[in-house]
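Here the structure comes first, spelled out in structure tokens, and everything after it is commentary.
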Amino acid sequence: MKLDENTLIKLPDYEHEFITIEGKSYFCKRAIDEGLELVGNRLANKMGILCSKDYLVKTPDGLFYLSYNFNNDAKFISAAKLGIKLSNLYSAWDRLENLYPTEVEKLMQQLVKVFLFDIFLMYGDRHLGNYGILENINQRDIAILDNDLIFSDTEYVRLKPKYNAEDKLRTYSNTGVSHKKSSFSILHNMENLEYFIATTSKEFYPIIKEFYNVLTPDLIYEVIKQIEHEENIKFYELEYMMMLYNENYKGITNLLKMRGIINGERIFKDK
């Protein structure tokens, strides 16, 4: 996105506010992650998840995002405004079934994709304000925004696969993820993913397998390098981010093998 000098100078004044540019509304926020939101968006798009279009803008005061407002062309209703009270799949299911009984199956398949995206990408900020329903004419779809907090080693997935955060399986598989070496987020990822696999319908297994087959460490690295090249930026924490992703993917690999979702032919190995 090319902006005139005057707009670039005043952009920081609109931090956490909407700004109108050429008749369209954009949400402005500082890019404290230096571009990771673009990585998250591209990976979400690869998995068929509808997400906001964000532009990385260099100003005299640093990097900023301009996020294209869903409401420019359609109507976005956040999960909170839909009346979803708790950040879990079952609370969302109950509410969506009440609001959209003929579309709930499609919408829940889309929301499960969001849950899996957060698990794989170690995204820790899926609160009730940054996902919801996008209504466009007679079509409704789950849409997400604000995907910058990927590869988090401190925040765990907030969109839970259970009614009560205290619900647990009697036993969990040994995924090879070390409690001493792995981050807080990875350990919680393994617990939440296994709970989902153990308690959900097998109809979701092909979606899980699709995420596993597509979001390989090689693909993640490739997309990150693409964004670096396109935006002329540098992710200085790339090595650490890939270390986290490799560990997370390794745990997912072992879990899916033990649960019979993959056969082990593509088992991830450290290089």
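Quick note: the coordinates plus some simple rules give every number you see, no bench work behind them. Because the structure is predicted, anything quoted here is derived from the model rather than measured. Reconstructed Cβ throughout: ideal geometry from the backbone, glycine too, with neighbour counts over all protein chains shown.
Can you figure out the FRET efficiency of I207 with K24, using R₀ = 45 Å and their beta-carbon distance, to the nearest 0.05?
The computed FRET efficiency comes out at 0.85.
Contour minus end-to-end for T154 and Y172, with contour as 0.36 nm per residue of separation and end-to-end as the Cα-Cα distance?
Here the segment from T154 to Y172 would lengthen by 4.3 nm.
For E34 and K2, FRET efficiency with R0 = 35 Å and r from the beta-carbon atoms, rounded to 0.05?
Using R0 = 35 Å, I get an efficiency of 0.95.
Provide M241, M108 in ascending order of the number of other Cβ atoms located within 10 Å of each residue's Cβ, fewest first.
M108, M241
Pick out, in residue order, every one of the GluC sites (Glu not before Pro) in segment 185-266 that is DSSP loop and has at most 16 other C-beta atoms within 10 Å; say none if there are none.
Here the sparse-neighbourhood loop sites are E237, E265.
Lys and Arg at +1, Asp and Glu at -1: add these up for the other residues within a Cβ distance under 14 Å of Y163 and post the number.
+2
Please report, in whole Å, how far the alpha carbons of segment 5-72 spread along each principal axis, starting with the longest.
Its Cα atoms span 37, 26, 18 Å along the three principal axes.
Which of (1) 136; (2) 235; (3) 116 is the computed volume of the Cα convex hull per residue in Å³ for the structure on display?
Only one option fits the structure, namely (1).
Taking only C-alpha pairs under 8 Å that are 6+ residues apart, what is the relative contact order of the chain in percent?
After rounding, I find 18 percent.
Please check the chain for the longest run free of chymotrypsin sites (Phe, Trp or Tyr not before Pro) that are loop-located per DSSP (anything but H, G, I, E, B) and have at most 16 other Cβ atoms within 10 Å.
Formally, the longest exposed-site-free interval is 1-162.
Is it possible to state the helix-based mean residue ellipticity at 222 nm for the chain, with each DSSP H run of 4+ residues giving -39500 (n - 2.57), the sum divided by total residues, to the nearest 500 deg cm²/dmol? What is it?
Dividing the helical sum by the residues of the chain leaves -13000 deg cm²/dmol.
If Lys and Arg each add +1 and Asp and Glu each add -1, what is the summed charge of the other residues whose beta carbon sits under 13 Å from the beta carbon of L8?
-1
Run the numbers on segment 5-72 and let me know its relative contact order in percent, using alpha-carbon pairs under 8 Å that are six or more apart.
In percent, rounded to a whole number, it is 35.
Say a paramagnetic label sat at a point 7 Å from the Cα of H16, along Cα to Cβ; which residues of segment 29-44 have their backbone N under 11 Å from it?
Under cut-off, by backbone N: 30.
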